[in-house]
Amino acid sequence: MFYLDKKALQDQPDVRTLNKSVDWSAEFAKRNKSAHYPALKEYYAQGVVSPETPLSEVPLVALDFETTGLNPKTDSIVSIGLVALTAQRIRCKEAYHWIIKPDTELKTKSVVIHGITHSDVASAPSFNSILDALLQHLQGKIVVAHHKDIETRFLNSALKHYINEEIVFPCIDTMALEARFSRTFKRTFLRSLLGQKTPSIRLTDCRTRYNLPYYRQHNALTDALACAELLQAQIATHYPEQSVPISAIWC
């Protein structure tokens, strides 16, 4: 995951605004009829859990990308990390990590950040060659990401390039959740009175608030694991009964 600097993250639009108006079951049924690519059609055919499903019963998958930059129009994916989980358990045996050959230039600046070099990608598979496996791992699960726009925009950019289609799905954004918990009007008002700064919602800073260990950043698999653990901590802290429906936190 590309970690935006602190100021850039603080200046992002209000991520507490979550889209709760989508009927995901109906949307998947509609997309299943219109999709052409077989693996994408199969993804939609698997459907999605109902919005009333308790958090404790929802299959999840944390998703993270490393990319050649931050603009999906001019940059591309260079690695993918996936970690399957539930609210109670992380399924390490179902974790996957791909280094892939990017469709755009591998920039020196990005190499310094994620450490994936030209020699690493020289014989790496293309995104197209792992697309079916990726979609299969997403089937029937709710995606979890930290600042989901990065993953959704880059994923759709790659899909447009290779199969001329897009994908939509409900997602739990751990950054949006943390903003909801830590940036309430009351807390923001009190901080302004006390002259305190707005708390950072970067992944590493969010994890610190829940006493989670520090992990080295910018490895897609490690960052997906870090995101998965953060979600579990958020649920345990704010929804300990876990009977809250998934619709309370997906977007």
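Subtracting the Cα-Cα distance of residue 21 and residue 168 from 0.36 nm times their residue separation leaves 51.5 nm of extension gain.
Taking the accessible area of the range 20-246, probe 1.4 Å, and keeping the other protein chains in place, the carbon and sulfur fraction comes to 52%.
Would you work out the charge dipole size for the chain about its Cα centre, treating the Cβ of every Lys and Arg as +1 and the Cβ of every Asp and Glu as -1, and quote it to the nearest 20 debye?
Computed about the Cα centre, the dipole is about 700 debye.
Subtracting the Cα-Cα distance of residue 97 and residue 239 from their residue separation scaled by 0.36 nm leaves 48.1 nm.
A dipole drawn for the range 20-246 from +1 and -1 charges on Cβ atoms has a positive end, and of 245, 48, 220 the residue lying farthest that way is 245.
The stretch between residue 205 and residue 217 holds 3.1 nm of extra length on full extension. This uses 0.36 nm per residue minus the Cα-Cα distance. Calculated FRET efficiency, residue 30 to residue 197, Cβ-Cβ distance, R0 = 41 Å: about 0.40 to the nearest 0.05. Rolling a 1.4 Å probe over the heavy atoms of the protein chains gives the chain an accessible area of 49 Å² per residue.
The values are calculated or read from the model by the stated rules, or taken from the named source; none is laboratory data. What you see is a predicted model, and the numbers here were worked out from it, not measured in a lab. Don't worry about glycine lacking a Cβ; one is built from the backbone with ideal geometry, like all the others, and counts go over all protein chains shown. Just the protein is used for accessible areas: all its heavy atoms, side chains included, with ligands, DNA and RNA removed. Shrake-Rupley method; radii C 1.70, N 1.55, O 1.52, S 1.80 Å.
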